[in-house]
Amino acid sequence: MKQYLILLKGKKELDYSPDKLQERLEAYRKWAFDLGDTYVIGQRLERSGVHFKDKGEVLTDGPFLEAKEIIAGYVIINASSLDQAIGITKTLPLIDDFEAFLRPLITPD
């Protein structure tokens, strides 16, 4: 079994109302629960932050990054193959609101 990282990035302005946040959270919790041992961990990230292009260039847009630039959170799952990880990622309920980047993790031997 290998671990995969699903990195979630904003793709449009998102509704952050308490009702919408609660709706997304409940859908995500159900998805994670239904995955059982396949789900390892997931965490939402704060909206503020900076983007380093290199040592000399820090990109920001005012005090916050634009919604389309925000790395919103991550999920780590267990899967036996990339194809299985792709299938699991496609079922993530947050996929409608975020772009997802799926990458296998390299574990130290």
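Looking at segment 23-109, what strands (runs of 3 or more DSSP E) fall wholly within it and have at least 3 residues that are modelled with pLDDT of 95 or more? Here the list reads 39-44, 71-79, 98-104.
Selection within segment 94-109: residues that are more than 10 Å from Leu5 (Cα to Cα) and within 11 Å of the chain's Cα centre (by Cα). The member of this set that is surrounded by the most Cβ atoms within 10 Å (Cβ to Cβ) is Phe98. If you go through segment 70-81 one residue at a time, do you hit one that is within 9 Å of the chain's Cα centre (by Cα), more than 15 Å from Thr38 (Cβ to Cβ) and open to solvent by 30 Å² or more (accessible area, probe 1.4 Å)? Yes, that holds for at least one residue.
Among the residues making up segment 10-59, those that are surrounded by 11 or more Cβ atoms within 10 Å (Cβ to Cβ) and closer than 26 Å to Ser80 by Cβ are Ala27, Tyr28, Arg29, Lys30, Trp31, Ala32, Leu35, Thr38, Tyr39, Val40, Gly42.
The values are calculated or read from the model by the stated rules, or taken from the named source; none is laboratory data. Model, not experiment: these values are computed from the prediction. Please note: Cβ atoms are built from the backbone with ideal geometry, for glycine as well, and neighbour counts cover all protein chains shown. We work out accessible area using only protein heavy atoms, side chains counted, and drop any ligands, DNA or RNA first. Shrake-Rupley method; radii C 1.70, N 1.55, O 1.52, S 1.80 Å.
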